[in-house]
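Read through the structure below, which is laid out as structure tokens, and then see the notes.
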Amino acid sequence: MIGGQGREPAIRLLSRAADLPAAAWDRLAGAGNPFSSYAFLTALEDSGSATAHAGWQPVHLLAESADGTPTGLLPGYLKSHSQGEYVFDHGWANAWERAGHRYYPKLQHATPFTPASAPKLLSADPLVRARLVAASETLARNNALSSAHATFLGDTDAEIFASAGWLERNDIQFHWRNDGFSGFADFLGALSSRKRKALRREREAALSAIDEIEWLTGSDLTEAAWDSFWAFYQDTSSRKWGRPYLTRAFFSLIGERMADRVMLVMARKDGRHVAGALNFLGAECLYGRQWGCIEDIPFLHFELCYHQAIDIAGDRKLARVEAGAQGAHKVSRGYQPVLTRSMHYLPDPGFRAAVADYLERERPAVEAEARALAEALPFRAG
């Protein structure tokens, strides 16, 4: 317990998300973003994907009123490494350890393995939100942790952390904005002639090499479909990271617990699925996550991950598509560079000063890169 006094809420640590009833969690999280939901976070923990053994020990901060009513949440994890975060601090870790200190464990306020914006300070009360930030700092100091980090924040959350003195770091993602498009074909009309022809040829090449594309959601998410996607995910994640972050059980659990918020895009050829892309549905956004294949088909990655996502957003009248971390190739497909925000707390004054200096030098370079990428967008002039 991190006690409060007067009007300040008391803060209790949860060793797993399931220690709070689902209804209480989701009342605080709201329904707009799937990655703040009880179903998603418990699926990560219950499947063995985000556990102490995997280097993600849950330490969720729960604010409670005097009568024990939950008033706020800040999901968190003690991390024994820096994998699965997508805001890279390996250089900070190496520098701190070369100075004779221990960087791990650190405190991470993030959605594991998910570089997508999501609320972290889950409360409507400004006092509670500020208290949760202060509790994170106290937890880090009292346990001699090197640092605390809050990643992929919306502007409201970022400003609250910033007002507490946390250091801001920016990076670049690529989001597609739906300016009233009904789907991919409609979107092509907004592009320059040369870019429009290139993307049309790209789509035709991908579609001509397969039999069909299926959108699977709700009751269509069968275990057979997950078995196919698991094979794709294993292949791709093994090549990118050496081993998959997510367990097979995770996919079954999201199929059980949040099937209506999942959209699995699968390509079929010769009677079997050969590639797939996993997306999550928010109130206003389609979030692209994992992709994989068992057959190398030119342009199919672009079709399943980007073009089909535009079709889904148009069909469901979603405001945007967040296509995940990295990938400047998304720009030529109409995905615009967007600055992401993360906030960082370092209790040691010397370490904080060194990181602050680094961020001051990094920030203009990130902003310049975003401007340069924006100039390469394929939209027609005027």
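The values are calculated or read from the model by the stated rules, or taken from the named source; none is laboratory data. Keep in mind that this is a model prediction, so the values were computed, not measured. Backbone-built Cβ (ideal geometry, glycine too); neighbour counts: all protein chains shown. Surface areas here come from the heavy atoms of the whole protein model, side chains and all, with no ligands, DNA or RNA. Shrake-Rupley method; radii C 1.70, N 1.55, O 1.52, S 1.80 Å.
Condition test on residue 157, is it under 28 Å from residue 50 (Cα atoms) and in contact with a Pro (Cβ under 8 Å, 6 or more places away or on another chain)? Yes, satisfied. Every listed requirement among (1) of a type outside the set (Gly, Ala, Ser); (2) open to solvent by 40 Å² or more (accessible area, probe 1.4 Å); (3) under 24 Å from residue 254 (Cβ atoms) is met by residue 67 save one, (3). Among the residues of the stretch 210-217, are any modelled with pLDDT of 95 or more, surrounded by 15 or more Cβ atoms within 10 Å (Cβ to Cβ), over 25 Å from the mean Cα position of the chain (by Cα) and in a loop (DSSP other than H, G, I, E, B)? Taking every residue of the stretch 210-217 in turn, at least one turns out to be modelled with pLDDT of 95 or more, surrounded by 15 or more Cβ atoms within 10 Å (Cβ to Cβ), over 25 Å from the mean Cα position of the chain (by Cα) and in a loop (DSSP other than H, G, I, E, B). The set of residues in the stretch 94-131 that are more than 26 Å from residue 24 (Cβ to Cβ), without any contact (Cβ under 8 Å) to a residue 40 or more places away in the chain and not in a loop (DSSP other than H, G, I, E, B) comprises 94, 97, 98. Here is a list: 134, 158. Which entry is open to solvent by less than 10 Å² (accessible area, probe 1.4 Å), part of a helix (DSSP H, G or I) and at negative phi? The unique qualifying residue is 158.
If only one of 102, 131 is at pLDDT 95 or above, within 15 Å of residue 158 (Cα to Cα) and over 23 Å from the mean Cα position of the chain (by Cα), which one is it?
None of the other options fit; the residue is 131.
Does residue 194 satisfy the condition of being open to solvent by 50 Å² or more (accessible area, probe 1.4 Å) and closer than 29 Å to residue 281 by Cα?
no
Restricting 368, 374 to residues that are small (Gly, Ala, Ser), open to solvent by less than 50 Å² (accessible area, probe 1.4 Å) and either touching a strand residue (DSSP E or B) at 6+ places or on another chain (Cβ under 6 Å) or closer than 22 Å to residue 302 by Cα (or both) narrows the list to 374. Close contacts from the stretch 186-213, counting a first residue that is under 17 Å from residue 314 (Cα atoms) and free of Cβ contacts under 8 Å to residues at least 24 places away in the same chain and a second that is part of a helix (DSSP H, G or I) and open to solvent by 40 Å² or more (accessible area, probe 1.4 Å), with Cβ to Cβ under 6 Å and a gap of 6+ residues or different chains, come to 188/196.
Annotation note: Cβ proximity below 9 Å between a residue of the stretch 371-382 that is in contact (Cβ under 8 Å) with a residue 40 or more places away in the chain and a residue that is open to solvent by 100 Å² or more (accessible area, probe 1.4 Å) (sequence gap 6+ or interchain) occurs for 378/194.
A quick yes/no check of all residues on (1) in contact (Cβ under 8 Å) with a residue 24 or more places away in the chain; (2) open to solvent by 30 Å² or more (accessible area, probe 1.4 Å); (3) farther than 30 Å from residue 22 by Cβ:
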site: 258; (1), (2), (3): yes, no, no
site: 262; (1), (2), (3): yes, no, no
site: 273; (1), (2), (3): yes, no, yes
site: 286; (1), (2), (3): yes, no, no
site: 298; (1), (2), (3): yes, yes, yes
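Number of residues in the stretch 33-84 that are outside any strand (DSSP E or B) and either more than 21 Å from residue 286 (Cα to Cα) or modelled with pLDDT of 95 or more (or both) equals 35. Taking the options 323, 354, 309, name whichever one is in a helix (DSSP H, G or I), in contact (Cβ under 8 Å) with a residue 12 or more places away in the chain and open to solvent by less than 40 Å² (accessible area, probe 1.4 Å). Answer to the check: 309.
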